[in-house]
Amino acid sequence: EAKLSGEGLMVYEAGLDERHQRQLQLIRHMAEGLSQGEFFLQFQPKVNLADDQVSFAEALLRWKHPQLGPIPPDEFIALAERSDLIGQISRWVVEQAVAQVARWSAQGVDCGLALNLSAHDVVDPALPGIITDTLRRHRVSPQKIILEITESAVMRDLNAALSNLDALRRAGLTLSIDDFGTGHSSLAQLKRLPVDELKIDRSFVLSLMPGTEDERIVDSVLRLAHALGLRVVAEGVESAEGLDVLRRLGCEVVQGYYFSRPLAADDFVRWWQQRRTV
Ligand code: C2E
Ligand code: CA
Ligand code: CA
Ligand code: CA
């Protein structure tokens, strides 16, 4: 057994305890927060490089806790996944996002949304029905929704995921593999996935420059994706140099702070309309 000084051990325990306390506090309040308007979506444009148009934005979930302030989604989504709250959260996101697309459409903003699904959602047999019902209720075309799914979520239970993904795609939704390059899927598995789009993980894009290893990685991901007939989105584009590389290598869609941070719905509409008129 490792020996720790009394003092060190106390600090260590206190640290753990605090983290544990926070996690419990977040989990306990999550469902209530969802019904009390503490959660909201922000929207980040996905820019088509061929024509500079924005036909989709990614919906990103935010939580402003009344005492703890903004909680990063990476933190609360992980907790939600461990505590069975994720199904409730994902249903809320689907409802809000589809309603948003309907509102935008009524305002003359012709823009669809990409939603993030968790590992739990990907194998939830109720999900395709919930999504198609929501679309019908709001009279939104399935072509207006992209579902972003991580490689690791799909690979956790490939067969269960495949039947769900097939159903969603048959219903007319677009499927996208998120965080590509960070998982461990083989080419054979990738070939079996009924997806239309692949998102290169932002770790390869954030500091993308000509002549770097990142450039060679992005180049090979693009070749692989195109060989499989997939469109490629690069997320985390922060610089003009990175954008130039992506253009030259034939990337179809880009997203990142270089264009816009995730925006509240009204700010997104202003951003979108301003872009139209220039
Ligand atoms: P993600 O799906 O990979 O989302 C992209 C993340 O990159 C977002 O972080 C976005 O704000 C950030 N980002 C976009 N452009 C840039 C850039 O140019 N530079 C940098 N440094 N970052 C950029 P965010 O909003 O903190 O979300 C983190 C993760 O939380 C998401 O990663 C996704 O996995 C998860 N998430 C967010 N919303 C939802 C949701 O509604 N449902 C589920 N299941 N997961 C969600
Ligand atoms: Ca995503
Ligand atoms: Ca991603
Ligand atoms: Ca992610």
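If I ask for residues that are at pLDDT 95 or above and within 16 Å of ligand 4 (Cβ to nearest atom), which ones from the stretch 129-151 would you list? Write out each step before concluding.
Residues of the stretch 129-151 that are at pLDDT 95 or above, as a first pass: 129-149.
Result: ILE146, LEU147, GLU148, ILE149.
Out of (1) open to solvent by 10 Å² or more (accessible area, probe 1.4 Å); (2) away from ligand 2 (no atom under 16 Å from the Cβ); (3) assigned to a helix (DSSP H, G or I); (4) of a type outside the set (A, V, I, L, M, F, W, C), the odd one out for GLU81 is which?
Of everything listed in (1) open to solvent by 10 Å² or more (accessible area, probe 1.4 Å); (2) away from ligand 2 (no atom under 16 Å from the Cβ); (3) assigned to a helix (DSSP H, G or I); (4) of a type outside the set (A, V, I, L, M, F, W, C), GLU81 misses just condition (2).
The conditions are (1) modelled with pLDDT of 95 or more; (2) out of contact with any helix residue (DSSP H, G or I) (no Cβ under 8 Å at 6 or more places or on another chain), and GLN274 fails exactly one of them. Which is it?
(1)
Could you look through the stretch 164-188, keep only residues that are within 15 Å of ligand 4 (Cβ to nearest atom), within 23 Å of ALA57 (Cβ to Cβ) and in contact with a helix residue (DSSP H, G or I) (Cβ under 9 Å, 6 or more places away or on another chain), and pick out the one that is most open to solvent (accessible area, probe 1.4 Å)?
Among those that are within 15 Å of ligand 4 (Cβ to nearest atom), within 23 Å of ALA57 (Cβ to Cβ) and in contact with a helix residue (DSSP H, G or I) (Cβ under 9 Å, 6 or more places away or on another chain), it is THR182.
So in the stretch 32-65, with the set limited to residues that are in contact (Cβ under 8 Å) with a residue 12 or more places away in the chain, of a type in the set (Gly, Ala, Ser) and assigned to a loop (DSSP other than H, G, I, E, B), which one is least open to solvent (accessible area, probe 1.4 Å)?
Ranking the candidates gives SER55 first.
Going through the stretch 89-128 one residue at a time, which ones are open to solvent by 10 Å² or more (accessible area, probe 1.4 Å), within 16 Å of ligand 4 (Cβ to nearest atom) and either touching a residue at least 60 places away in the same chain (Cβ under 8 Å) or of a type in the set (Val, Ile, Thr) (or both)?
Result: VAL93, ASN116.
For the stretch 55-113, name all the residues that are over 17 Å from ASP266 (Cβ atoms), β-branched (Val, Ile, Thr) and either at pLDDT below 95 or in contact with a helix residue (DSSP H, G or I) (Cβ under 8 Å, 6 or more places away or on another chain) (or both).
Across the stretch 55-113, the qualifying residues are ILE71, ILE77, ILE86, ILE89, VAL94, VAL98.
Check VAL269 against each of (1) open to solvent by 60 Å² or more (accessible area, probe 1.4 Å); (2) at pLDDT 95 or above; (3) part of a helix (DSSP H, G or I) and name the one condition it does not meet.
Only one criterion is unmet by VAL269, namely (1).
Please list, ordered by first then second residue, the pairs with beta carbon atoms under 9 Å, 6 or more apart or interchain, first in the stretch 255-278 and in contact (Cβ under 8 Å) with a residue 40 or more places away in the chain, second loosely packed, with under 12 Cβ neighbours inside 10 Å and acidic (Asp, Glu).
Final answer for the pair search is ARG275/ASP52.
Here is a yes/no grid of residues against (1) closer than 22 Å to GLN255 by Cβ; (2) within 17 Å of the chain's Cα centre (by Cα); (3) polar (S, T, N, Q):
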site: GLY112; (1), (2), (3): yes, yes, no
site: LEU117; (1), (2), (3): yes, yes, no
site: PRO128; (1), (2), (3): no, no, no
site: LEU135; (1), (2), (3): no, no, no
site: ILE149; (1), (2), (3): yes, yes, no
site: ASN164; (1), (2), (3): no, no, yes
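With respect to ASP196, is the statement that it is more than 16 Å from ligand 4 (Cβ to nearest atom), closer than 25 Å to GLY256 by Cβ and open to solvent by 10 Å² or more (accessible area, probe 1.4 Å) true?
Values: more than 16 Å from ligand 4 (Cβ to nearest atom): yes; closer than 25 Å to GLY256 by Cβ: yes; open to solvent by 10 Å² or more (accessible area, probe 1.4 Å): yes.
Taking the combined requirement at face value, the residue satisfies it.
The values are calculated or read from the model by the stated rules, or taken from the named source; none is laboratory data. Predicted model only: the values in this text are computed from it and were never measured. Ideal geometry is used to build each Cβ from the backbone, glycine not excepted, and the neighbour counts take in all protein chains shown. To get the accessible areas, we keep the full protein, side chains included, count just its heavy atoms, and leave off ligands, DNA and RNA. Shrake-Rupley method; radii C 1.70, N 1.55, O 1.52, S 1.80 Å.
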